[in-house]
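Novice: Before I ask anything, let me first share the structure, which is written out below as structure tokens.
The values are calculated or read from the model by the stated rules, or taken from the named source; none is laboratory data. It should be emphasised that the depicted structure is a prediction, and the values quoted were computed from it without experimental measurement. No Cβ is skipped: glycine too gets one built from the backbone with ideal geometry, and neighbour counts run over all protein chains shown.
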Amino acid sequence: MNVKISRSLGMVAVLYFTANFNAQNTSNDTLPKEQKIEEVVMIGYGTQKKSNVTGAIASIKASDIENIPAGKPEQVLQGRAAGVNVITNSGQPGSAATIRVRGITSYSSSNDPLWVVDGIVVDGIGWLNQSDIESMEVLKDGASSAIYGVSAARGVILVTTKKGKKGRLNISYNGFYGVGSASRRLDLLDATQYATVINEAFANDGKPIRYNDPASFGAGTDWQDIIFSNAERSSHEVSISGGNEKSTFYGSFGYYDQTGIVMSDISYYKRLTGRLNSTHKVTDWLTVGQTFAYTHTKSQGINSNGEFGGPLSSAVNLDPTTPAVVTDMSAQPFPNDYSNPYIFRDENGNPYGISHYVNQEMSNPLAFRNTQLGNNGWSDDFVANVYGEVKISKHLTFKSSINGKKAYWGSRNFTPLFYLNPNYTNLSVNSLSRTTQEKFEWSLENTINYQNKFGKHNLNVLLGNGYYEYNIGFGQTVTHTDLPVNNWQDASFNFYVPPNKRNTNAWDYVNTHKASYFGRVIYDYDNRYLFTGTLRYDGSSKFGANNHWGTFPAFSLGWNVSNESFWPQNNIVNSLKLRGGYGILGNDGIGDFKFASFYVSGANYTFIDAQGNEVLLPGYIPNTLENPDLKWETTSQLNIAADLKLFKNFTLTVDWYKKKTSDILREIFLPGYVGVTNAPTANIGDMENRGVEVELGYKKNWTDFGFSINGNFSYLENEVTSLERGREYLDGPGFQSMGPVQRIQIGQPYNSFYGFKYLGVFQNQAQINSYVNAQGQMILPDAKPGDFIWSDTNGDGVITDLDKVNLGSSIPKYTFGLTANVNYKNWDLMIFAQGVAGNKVFQGLRRLDMLDANYQTRILNRWTGEGSTNEYPRLTRDDTNKNYSRMSDYYLQKGDYLRLKLIQVGYTLPQNATESFGVSKVRFYVTAENLVTFTKYTGYDPEIAAGDSFGIDRAFYPQARTFIFGANITF
């Protein structure tokens with residue numbers, strides 16, 4: 001099999017414009033009209049005046065984010081751009097965020113946006129120092145994203161880093177130190193309540209109770225006290241920039257250190273960054289430049305959203321009757337649990353408590369920590385580009401750039417011999433493993449740009465092409481077992497172990513490549529009538545022989561109505577622009593060689609030879625069916641919008657869009673008799689996203705006082721519109737023994753919750769007897785008073801899986817954010833809040849298969865007799881009515897929340913007090929982060945995501961409430 005794409009590259013280019021202005025001096029009243037600087041935005045391979053932009057582009061400037069102490073740079077987008085849903089994957093240090101631009105685009109392919117940093121396509125920006133960012137532009141609609149073609153359906157985010165400016169040398173320091181703690185704890189049963197509840201469950205099933213004197217336990221162990229602690233967080237960044245008429249440069253160095261609020265010695269993140277950007281005007285016609293960034297990270301994390309073990313899930317489920325540390329063995333009812341030599345002990349030799357009733361993966365967090373100490377992951381990333389720009393003539397500019405990213409990453413893990421509970425042990429051999437991987441990706445892009453003005457006609461023509469190589473790399477893992485030591489401090493590969501106790505595994509990545517040709521025409525007449533047309537032609541090695549290449553066109557139109565002669569000058573609507581556009585984009589976010597079939601071994605067959613003997617011969621079969629017609633997903637998007645300036649100080653933007661994805665890439669389900677081991681991939685399925693986005697801002701400056709407020713609101717409707725022929729749904733993520741709790745179903749939002757509905761709680765036997773079908777038969781003959789009344793939704797008189805219905809969407813229907821800034825003389829105040837509404841969250845904190853797992857205190861509202869409640873069922877261990885084991889709306893809660901994300905108060909020292917020391921600016925500030933969250937959700941945090949598995953809480957690592965003190969100093 002050969003996969004080839006032409007590597008011939010035409011010579012084509014772009015002229016870059018940059019506009020730099022002081023973000024603190026943008027008052028409408030301070031600059032004469034002829035001196036006002038027109039704001040520009042990045043549009044991909046160029047810039048454009050914001051007033052003439054015809055696409056849907058959200059722009060975030062350095063001044064909007066420079067004082068936000070985010071752990072990962074992508075998190076600063078949260079709540080600041082309409083239509084961009086940013087969900088924190090975990091409160092764990094170093095955790096990235098899930099970003100979705102205008103909804104979910106695909107079932108199976110990647111939904112992550114395309115990141116482009118200084119023209120370099122990268123797979124995320126976790127390696128980037130936030131203070132190095134000059135601007136971030138989110139290309140949301142088809143017309144603005146189409147310049148990136150086959151990779152743009154998921155949205156495009158352009159990141160521009162800071163460059164030097166000619167003039168005096170500038171040295172800046174930004175740093176902060178903060179302390180965080182859990183912003184919320186669960187209300188769990190104490191030991192007395194727990195013992196009482198467990199006894200009641202036994203009694204309700206007609207069994208003897210377990211605990212004779214629940215009150216004797218007192219409060220017992222608060223496992224949340226064991227895992228939660230204060231967490232430190234610090235950042236130090238130094239930058240230096242300057243230049244002259246010929247050369248400019250910007251350099252920075254940064255260090256970031258954060259520990260987690262959960263078991264901080266095994267939950268941390270450290271990052272070291274360095275950057276150098278420079279531009280050199282060699283001659284009047286030649287400019288060269290480069291960007292270079294290096295990032296080193298070291299981190300360790302716990303299971304941050306999983307019900308199968310880890311400190312968080314254990315703290316929620318462990319019984320409070322078990323002590324954290326056993327100081328009196330004679331008081332333990334099960335002393336044999338502590339007889340194993342590999343139990344862990346504290347510094348005084350006391351064993352850590354072991355629960356006799358709640359075990360499996362649940363373990364004492366203090367003991368579990370000893371199995372994780374010394375483990376870590378690391379990475380080293382080098383990202384760079386070099387470009388040359390030639391001014392061929394007054395109107396024609398050529399640019400060529402070569403970009404690359406080299407990444408090294410790996411991990412070190414030591415597993416000692418241990419005994420955490422009877423079902424969670426490692427008693428055979430210890431092991432030490434080390435994994436190292438490296439990957440290189442590079443691209444070459446050439447662009448040529450023609451720009452000219454003919455009277456009232458303005459024309460900009462861009463032509464370009466590029467070649468891109470991905471996934472050049474390899475990895476390997478080395479593991480040694482049965483080391484002569486059993487602690488991470490002494491564990492080393494220098495110890496000799498026999499060859500049979502060494503294991504090595506190595507692999508190569510599959511190199512893929514892409515070639516592209518693209519062009520764009522931007523035209524306006526007298527800044528009134530605006531047009532942008534884009535065409536990109538992409539070829540990718542990921543697709544079948546019949547569909548290597550795809551064409552992605554787009555156009556957008558705009559009308560600056562307020563620039564017309566008939567527009568009356570007024571103080572109400574100062575400016576009005578109408579715009580609309582349509583574009584077709586692609587999504588190539590799938591694995592490699594999904595179009596191909598390979599022969600695999602293992603299909604051995606027994607034959608009878610001429611002598612009648614059985615002979616086993618090796619056999620090979622195709623692993624799947626070949627699909628030479630496999631191609632990219634196609635997303636078409638229509639956008640209609642209006643931009644207004646009102647009452648001189650208000651700005652309003654309203655966008656309506658319809659986004660349809662067709663030919664969705666996913667695996668086909670085939671019957672076993674087809675004879676292939678893997679399901680083939682095909683283009684099957686459609687999905688739509690429809691929505692409205694509103695951004696409203698106000699800004700006004702007076703002599704000593706300034707005020708601005710910016711809000712955004714988004715409404716989203718997501719709908720699965722088709723699947724393969726004859727199929728109405730696909731199962732989504734599951735939860736323990738319940739099976740799938742979400743599904744992808746035609747006519748419903750992606751991964752909607754699906755299960756049973758309950759109508760209330762049976763209060764007495766007469767009510768059970770009267771709940772009958774058309775034939776007079778009891779619908780729930782096994783129910784008892786206190787059990788759920790399951791809804792017979794299909795009316796067939798019995799409760800089966802056919803009664804399951806859609807229970808709500810995990811995708812927020814509404815997202816919103818609000819930022820307010822106040823300046824008075826040398827004081828400044830920033831308040832930022834964000835939230836979502838219209839979604840459900842599955843609260844799955846308790847292990848269903850552990851009948852003795854602890855409960856939240858809402859179980860105290862359980863049914864205890866007629867009239868006690870119609871919402872919570874009785875306690876039972878047998879659960880014959882499946883009150884607790886069925887997926888139902890009992891487990892679903894509203895995911896709505898409003899979070900006061902940030903409050904910051906700053907003070908800048910007067911210049912006359914600092915200039916004598918050679919310091920141009922000194923600002924101190926205090927920040928409160930995640931100060932309060934308004935929500936009815938009963939888990940740790942309603943903001944839950946794991947990729948596209950939204951809204952399933954399996955023991956989510958909560959975000960910390962943090963108080964920070966920082967300083968900004970400029971020399």
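Novice: Does at least one position in the stretch 146-161 carry a residue that is buried (at least 24 other Cβ atoms within 10 Å of the Cβ) and of a type in the set (Lys, Arg)?
Specialist: Among the residues of the stretch 146-161, at least one is buried (at least 24 other Cβ atoms within 10 Å of the Cβ) and of a type in the set (Lys, Arg), which makes the answer yes.
Novice: Still on this structure, I have one more. Being among the acidic types (Asp, Glu) and modelled with pLDDT of 90 or more is the filter here, so list the residues in the stretch 667-720 that pass it.
Specialist: Selection gives Asp686, Glu688, Glu693, Glu695, Asp704, Glu717, Glu719.
Novice: So, restricting to strands (runs of 3 or more DSSP E) that lie completely within the stretch 764-838, which ones have at least 1 residues that are assigned by the TED database to the domain that holds Asp889, under 41 Å from the mean Cα position of the chain (by Cα) and small (Gly, Ala, Ser)?
Specialist: Ranges flagged: 805-808, 814-824, 827-837.
The rows are residues; the columns are (1) among the β-branched types (Val, Ile, Thr); (2) in a strand (DSSP E or B); (3) under 30 Å from Arg877 (Cα atoms); (4) not assigned by the TED database to the domain that holds Pro73.
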{"site": "Val288", "(1), (2), (3), (4)": "yes, yes, no, yes"}
{"site": "Lys298", "(1), (2), (3), (4)": "no, yes, no, yes"}
{"site": "Gly309", "(1), (2), (3), (4)": "no, no, yes, yes"}
{"site": "Ser314", "(1), (2), (3), (4)": "no, no, yes, yes"}
{"site": "Asp319", "(1), (2), (3), (4)": "no, no, yes, yes"}
{"site": "Pro333", "(1), (2), (3), (4)": "no, no, yes, yes"}
{"site": "Tyr342", "(1), (2), (3), (4)": "no, no, no, yes"}
{"site": "Met362", "(1), (2), (3), (4)": "no, no, yes, yes"}
{"site": "Phe368", "(1), (2), (3), (4)": "no, no, yes, yes"}
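Novice: Could I ask something else about it? Looking at Ser562, Ser575, Ser541, which one is closer than 19 Å to Ala515 by Cα and of a type in the set (Ser, Thr, Tyr)?
Specialist: Of Ser562, Ser575, Ser541, the one residue that is closer than 19 Å to Ala515 by Cα and of a type in the set (Ser, Thr, Tyr) is Ser541.
Novice: Any residue at all in the stretch 341-364 that is surrounded by fewer than 16 Cβ atoms within 10 Å (Cβ to Cβ), in contact (Cβ under 8 Å) with a residue 40 or more places away in the chain and touching a Pro at 6+ places or on another chain (Cβ under 9 Å)?
Specialist: Checking the stretch 341-364: at least one residue is surrounded by fewer than 16 Cβ atoms within 10 Å (Cβ to Cβ), in contact (Cβ under 8 Å) with a residue 40 or more places away in the chain and touching a Pro at 6+ places or on another chain (Cβ under 9 Å).
Novice: Turning to a different aspect of this structure: Which numbered condition in (1) surrounded by fewer than 16 Cβ atoms within 10 Å (Cβ to Cβ); (2) within 30 Å of Ile799 (Cβ to Cβ) is the only one that Met887 fails?
Specialist: Just one mismatch for Met887, condition (1).
Novice: Within the stretch 149-158, identify whether any single residue is closer than 22 Å to Ile640 by Cα, in the same structural domain as Ala58 (by the TED database) and among the β-branched types (Val, Ile, Thr), and answer yes or no.
Specialist: Yes, the stretch 149-158 has at least one match.
Novice: Another one. Identify, from the list Ile903, Ile859, the residue that is within 38 Å of the chain's Cα centre (by Cα), in a helix (DSSP H, G or I) and among the aliphatic types (A, V, I, L, M).
Specialist: Ile859
Novice: Sticking with this one: If you take the residues in the stretch 862-900 that are of a type outside the set (D, E, K, R) and assigned to a helix (DSSP H, G or I), which one is farthest from the chain's Cα centre (by Cα)?
Specialist: Tyr890
Novice: Of everything in the stretch 710-726, what is of a type in the set (Gly, Ala, Ser), part of a strand (DSSP E or B) and more than 21 Å from the chain's Cα centre (by Cα)? Give them in sequence order.
Specialist: Gly711, Ser722, listed by residue number.
Novice: I would also like to ask the following. Taking Asn305, is it in contact (Cβ under 8 Å) with a residue 60 or more places away in the chain and either touching a Ser or Thr at 6+ places or on another chain (Cβ under 8 Å) or of a type in the set (Ser, Thr, Tyr) (or both)?
Specialist: Spelling it out, Asn305 is indeed in contact (Cβ under 8 Å) with a residue 60 or more places away in the chain and either touching a Ser or Thr at 6+ places or on another chain (Cβ under 8 Å) or of a type in the set (Ser, Thr, Tyr) (or both).
Residue by residue, here is whether (1) modelled with pLDDT of 95 or more; (2) surrounded by fewer than 17 Cβ atoms within 10 Å (Cβ to Cβ) holds:
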residue	(1), (2)
Pro208	yes, yes
Tyr211	yes, no
Asp225	yes, yes
Phe228	yes, no
Glu232	yes, yes
Ser239	yes, no
Tyr250	yes, no
Asp265	no, yes
Thr273	yes, no
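Novice: Has the stretch 422-438 got any residue that is in contact with a Leu (Cβ under 6 Å, 6 or more places away or on another chain), of a type outside the set (Gly, Ala, Ser) and closer than 20 Å to Thr291 by Cβ?
Specialist: no
Novice: Evaluate the following for Ser540: is it modelled with pLDDT of 95 or more and not aliphatic (A, V, I, L, M)?
Specialist: When the stated conditions are applied, Ser540 does not pass them.
Novice: So, one more: Take Leu902 and decide whether it is surrounded by 17 or more Cβ atoms within 10 Å (Cβ to Cβ) and touching an Asp or Glu at 6+ places or on another chain (Cβ under 6 Å).
Specialist: Yes; evaluated as a whole, the condition is true for this residue.
Novice: Considering only the stretch 74-96, state which residues are assigned to a strand (DSSP E or B) and either of a type outside the set (A, V, I, L, M, F, W, C) or on the phi > 0 side of the Ramachandran plot (or both). Before you say what the answer is, go through the steps one by one.
Specialist: Of all residues in the stretch 74-96, those assigned to a strand (DSSP E or B) come to 84-88.
Answer for the stretch 74-96, where residues must be assigned to a strand (DSSP E or B) and either of a type outside the set (A, V, I, L, M, F, W, C) or on the phi > 0 side of the Ramachandran plot (or both): Asn85, Thr88.
Novice: Being of a type in the set (S, T, N, Q) and under 29 Å from Gln748 (Cα atoms) is the requirement here; does Thr661 meet it?
Specialist: yes
Novice: Additional query: From Arg184, Arg168, which residue is out of contact with any Cys (no Cβ under 9 Å at 6 or more places or on another chain), surrounded by fewer than 16 Cβ atoms within 10 Å (Cβ to Cβ) and in contact (Cβ under 8 Å) with a residue 12 or more places away in the chain? Let's see the steps before the verdict.
Specialist: Numbers: Arg184 fails: surrounded by fewer than 16 Cβ atoms within 10 Å (Cβ to Cβ).
Being out of contact with any Cys (no Cβ under 9 Å at 6 or more places or on another chain), surrounded by fewer than 16 Cβ atoms within 10 Å (Cβ to Cβ) and in contact (Cβ under 8 Å) with a residue 12 or more places away in the chain holds for just one of Arg184, Arg168, which is Arg168.
Novice: Which of the following residues is within 30 Å of Asp265 (Cα to Cα), within 35 Å of the chain's Cα centre (by Cα), surrounded by fewer than 16 Cβ atoms within 10 Å (Cβ to Cβ) and in contact (Cβ under 8 Å) with a residue 12 or more places away in the chain: Asn471, Asn503?
Specialist: Asn503
Novice: Just need a number here: residues in the stretch 591-622 that are in a strand (DSSP E or B), among the hydrophobic types (A, V, I, L, M, F, W, C) and surrounded by 12 or more Cβ atoms within 10 Å (Cβ to Cβ).
Specialist: Selection size over the stretch 591-622: 2.
Novice: Still on this structure: Just one of the numbered conditions (1) over 30 Å from Thr935 (Cβ atoms); (2) of a type outside the set (A, V, I, L, M); (3) in contact with a strand residue (DSSP E or B) (Cβ under 8 Å, 6 or more places away or on another chain) is not true of Asp187; which one?
Specialist: Answer for Asp187: the failing condition is (1).
Novice: Gly178 - would you say it is assigned by the TED database to the domain that holds Arg846, in a strand (DSSP E or B) and in contact with a strand residue (DSSP E or B) (Cβ under 6 Å, 6 or more places away or on another chain)?
Specialist: The answer is yes for Gly178.
Novice: Does any residue in the stretch 738-750 that is at positive phi come within less than 8 Å, Cβ to Cβ, of a residue that is part of a loop (DSSP other than H, G, I, E, B) and not small (Gly, Ala, Ser) six or more places away or on a different chain, and which pairs are these?
Specialist: Going by the 8 Å Cβ cut-off, the qualifying pairs are Gly739/Met887.
Novice: From the list Ser516, Ser556, which one is farther than 24 Å from Ser401 by Cα, crowded, with 18+ Cβ neighbours inside 10 Å and modelled with pLDDT of 95 or more?
Specialist: Just a single option satisfies the conditions, and that option is Ser556.
Novice: So in the stretch 100-120, with the set limited to residues that are among the hydrophobic types (A, V, I, L, M, F, W, C) and within 26 Å of Ser949 (Cβ to Cβ), which one is surrounded by the fewest Cβ atoms within 10 Å (Cβ to Cβ)?
Specialist: By that ranking, first place goes to Trp115.
Conditions (1) on the phi > 0 side of the Ramachandran plot; (2) charged (D, E, K, R), marked per residue:
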residue: Asn413; (1), (2): no, no
residue: Asn430; (1), (2): no, no
residue: Glu441; (1), (2): no, yes
residue: Gly455; (1), (2): yes, no
residue: Leu459; (1), (2): no, no
residue: Leu462; (1), (2): no, no
residue: Gly466; (1), (2): no, no
residue: Gly475; (1), (2): no, no
residue: Val478; (1), (2): no, no
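Novice: Shifting gears a bit: Which of the following residues is assigned to a strand (DSSP E or B) and closer than 25 Å to Gly591 by Cα: Ile125, Ile99, Ile60?
Specialist: Ile99 is the lone residue from the list that is assigned to a strand (DSSP E or B) and closer than 25 Å to Gly591 by Cα.
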